[in-house]
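Visitor: Dropping a structure here in structure tokens format, bear with me for questions.
The values are calculated or read from the model by the stated rules, or taken from the named source; none is laboratory data. These figures come from a predicted structure and were not determined experimentally. Reconstructed Cβ throughout: ideal geometry from the backbone, glycine too, with neighbour counts over all protein chains shown. Accessible surface areas use protein heavy atoms only, side chains included; no ligands, DNA or RNA. Shrake-Rupley method; radii C 1.70, N 1.55, O 1.52, S 1.80 Å.
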Amino acid sequence: MKFTTDQTEMIAMISVVLKKIPYCYSEDSAEWWIAQDEVVSIDFDKKEIQFVNWSYSDDTTYLQILGICKMYNLETEDYIRK
């Protein structure tokens, strides 16, 4: 598995913000489990950071991740998993 320098930096930055290592990752994505159903993931193909079932209870963390998005020209998307 090979990540570009930018992809490695994004994974590292989000890991620092969340204080967690990715739960899983592949060549085109990385995923962090926040709580039982809450997930933050990077989709390198779509160039977006995805918030799945995010509760927004921690605005500071959310804003830090949005800052990382802007640094690397990524989009964000909120998803609800049923």
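Visitor: Residues in segment 15-26: is at least one farther than 19 Å from residue 66 by Cα and either assigned to a loop (DSSP other than H, G, I, E, B) or open to solvent by less than 50 Å² (accessible area, probe 1.4 Å) (or both)?
Guide: Scanning segment 15-26 turns up at least one residue that is farther than 19 Å from residue 66 by Cα and either assigned to a loop (DSSP other than H, G, I, E, B) or open to solvent by less than 50 Å² (accessible area, probe 1.4 Å) (or both).
Visitor: Also, I was wondering about something else. Within segment 55-63, is even one residue touching a residue at least 40 places away in the same chain (Cβ under 8 Å), assigned to a loop (DSSP other than H, G, I, E, B) and among the charged types (D, E, K, R)?
Guide: No - not one qualifying residue is present in segment 55-63.
Visitor: Please find, within segment 27-39, the residue that is farthest from residue 73 (Cα to Cα) out of those that are open to solvent by less than 30 Å² (accessible area, probe 1.4 Å) and at pLDDT 95 or above.
Guide: 32
Visitor: Next question. List every residue pair whose Cβ atoms sit under 8 Å apart, with the two residues 6 or more apart in sequence or on different chains, where the first one lies in segment 4-23 and is within 13 Å of residue 44 (Cβ to Cβ) and free of Cβ contacts under 8 Å to residues at least 12 places away in the same chain and the second, anywhere, is open to solvent by less than 80 Å² (accessible area, probe 1.4 Å) and not in a loop (DSSP other than H, G, I, E, B).
Guide: So the pair list comes out as 22/11; 22/15; 22/30; 22/31; 22/32.
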